[in-house]
Amino acid sequence: MPVGNTLTQPGDEAARPRIWALGGGKGGVGKSFISASMGVALAKAGKRVVLVDLDLGGANLHTSLGIRSSRFTLSDYLGGKVADINQVAEQTGIERLRLINGAADSLSIANIQFFQKAKLLRNLPKLDADYVILDLGAGTSFNTLDFFIEADHGLVSVTPDPGSVENTYRFLKCVLIRRLRTIPKKTRETMQQVLTQRREGGKRAGSLADFVEEMARLKPSVAGSLRNELDAMKLHIIVNQVIEPSDTELGRSMQMVCSRYFGTQIGYLGFLHYDRLVLKALQQRRPFLSTFPQSRLAIHVDTMVAALMAQDDI
């Protein structure tokens, strides 16, 4: 059962915060580092920011900010101990930057129920902030996908190793298919009929782009709805932990492959170099962007944030 556009209620576009989500098909690709760094960059730019650790069952966003403990965690809100979501967002020590911590939560939070997910999706836009950044767990669970597709910008972190690249394609495919579950029931039924006919005719599943093209021949109005849903998503690839010069081309090549097989444009936001100073900042329990603001890595994060902010202002 899809949640369906819970974050974008009609009439509240001007009041609600912009929501960015960090996701990926594999762990260890730097989602928490990028989330924390973008949060610091936005706060430095004068924006009120709330970081939300939604890596359910494996929260560690607080370590990138040098925070040891919080008075409240996400479980306190989902369990009803705290009624107002703004009360769970605590100061980080960086002006204008707050955190909803997921650390020290019980293991049960790793599998939140539908009504808890719906509660979060309904209330995230009520956070007193200009920007909300969701740091999601790895993989393609329905909870992760639903938070990701409801954001204004979906950012996918990938590293140059083949496993990460393969899992990123799988993640993006799951995101787009999950997104199509929000289209009207009659349209979904027509899609299912065409898929059934393909299977009965012995045709291969093919790519998502091939399916949309076939729908355009058989049911033009349905194909138009599919394209609108796919194109409405603002997806961006970030290549992280770049070492070799050739690694910088990965984002462009993935962008072309995604266009060919998914039938929609996915942006390439840029790349971030591997930097040993990241580990040093973690060991010192200090946010990287605050500790090394003039580093090449910090400057690239600032550039990415500025690019996304410019898109939000259009």
### Task
Would you confirm whether any residue within the range 227-237 is exposed (fewer than 15 other Cβ atoms within 10 Å of the Cβ), within 21 Å of the chain's Cα centre (by Cα) and among the charged types (D, E, K, R)?
yes
### Query
Which one of Arg285, Arg252 is of a type outside the set (Val, Ile, Thr), surrounded by fewer than 16 Cβ atoms within 10 Å (Cβ to Cβ) and in contact with a helix residue (DSSP H, G or I) (Cβ under 8 Å, 6 or more places away or on another chain)?
Arg285
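Matching residues to (1) out of contact with any helix residue (DSSP H, G or I) (no Cβ under 8 Å at 6 or more places or on another chain); (2) assigned to a helix (DSSP H, G or I); (3) in contact (Cβ under 8 Å) with a residue 40 or more places away in the chain:
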position	(1), (2), (3)
Glu214	no, yes, no
Arg227	no, yes, no
Ser246	yes, yes, no
Arg260	no, yes, yes
Ala298	no, yes, yes
Asp302	no, yes, yes
Asp312	yes, yes, yes
### Task
Confirm whether Asp231 is touching a Ser or Thr at 6+ places or on another chain (Cβ under 6 Å), of a type in the set (Asp, Glu) and assigned to a helix (DSSP H, G or I).
yes
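Can you find even one residue in the range 193-212 that is outside the structural domain of Leu308 (by TED's automatic domain parsing), within 27 Å of Thr144 (Cβ to Cβ) and surrounded by fewer than 12 Cβ atoms within 10 Å (Cβ to Cβ)? Spell out how you get there, then give the answer.
In the first step, residues of the range 193-212 are kept if they are outside the structural domain of Leu308 (by TED's automatic domain parsing); the result is 193-212.
If we keep only those that are within 27 Å of Thr144 (Cβ to Cβ) as well, we get 195, 205-212.
This time we only want the ones that are surrounded by fewer than 12 Cβ atoms within 10 Å (Cβ to Cβ), so: 205.
Within the range 193-212 (the criterion being outside the structural domain of Leu308 (by TED's automatic domain parsing), within 27 Å of Thr144 (Cβ to Cβ) and surrounded by fewer than 12 Cβ atoms within 10 Å (Cβ to Cβ)), the answer is yes, since at least one residue qualifies.
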### Query
Applying the selection to the range 35-58, what residues are surrounded by fewer than 24 Cβ atoms within 10 Å (Cβ to Cβ) and β-branched (Val, Ile, Thr)?
none
#### Entry: Members of the range 29-59 that are more than 13 Å from the chain's Cα centre (by Cα) and either farther than 21 Å from Ser295 by Cβ or not assigned by TED's automatic domain parsing to the domain that holds Met309 (or both)
Gly46, Lys47, Arg48, Val50, Leu56, Gly57, Gly58, Ala59
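Evaluate the following for Gly39: is it within 21 Å of Ser157 (Cα to Cα), in contact with a Leu (Cβ under 9 Å, 6 or more places away or on another chain), modelled with pLDDT under 90 and not charged (D, E, K, R)?
Numbers: within 21 Å of Ser157 (Cα to Cα): yes; in contact with a Leu (Cβ under 9 Å, 6 or more places away or on another chain): yes; modelled with pLDDT under 90: no; not charged (D, E, K, R): yes.
Spelling it out, it is not the case that Gly39 is within 21 Å of Ser157 (Cα to Cα), in contact with a Leu (Cβ under 9 Å, 6 or more places away or on another chain), modelled with pLDDT under 90 and not charged (D, E, K, R).
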### Query
In the range 122-154, how many are touching a helix residue (DSSP H, G or I) at 6+ places or on another chain (Cβ under 7 Å) and either aliphatic (A, V, I, L, M) or without any contact (Cβ under 8 Å) to a residue 12 or more places away in the chain (or both)?
7
### Filter result for Arg188 (part of a helix (DSSP H, G or I), crowded, with 19+ Cβ neighbours inside 10 Å and within 28 Å of the chain's Cα centre (by Cα))
no
#### Entry: Any helices (runs of 4 or more DSSP H) falling wholly within the range 57-168 and containing at least 3 residues that are at pLDDT 90 or above and of a type in the set (D, E, K, R)
114-123
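Is the range 59-74 home to any residue that is farther than 19 Å from Ala281 by Cα and surrounded by 24 or more Cβ atoms within 10 Å (Cβ to Cβ)?
Step one: list which residues in the range 59-74 are farther than 19 Å from Ala281 by Cα, which gives 70-74.
From the residues that got through so far, the ones that are surrounded by 24 or more Cβ atoms within 10 Å (Cβ to Cβ) too are 73-74.
The answer is yes, given that some residue of the range 59-74 is farther than 19 Å from Ala281 by Cα and surrounded by 24 or more Cβ atoms within 10 Å (Cβ to Cβ).
Can you spot a residue in the range 234-246 that is of a type in the set (Asp, Glu) and assigned by TED's automatic domain parsing to the domain that holds Val29? Outline the logic, then answer.
Initial filter on the range 234-246 (of a type in the set (Asp, Glu)): 244.
Adding the requirement that they be assigned by TED's automatic domain parsing to the domain that holds Val29 leaves 244.
Among the residues of the range 234-246, at least one is of a type in the set (Asp, Glu) and assigned by TED's automatic domain parsing to the domain that holds Val29, which makes the answer yes.
The values are calculated or read from the model by the stated rules, or taken from the named source; none is laboratory data. In this text the structure is predicted, and so the values were computed from the model without any measurement. Methodologically, a virtual Cβ is constructed for each residue, glycine included, from the backbone with ideal geometry; neighbour enumeration extends over all protein chains shown.
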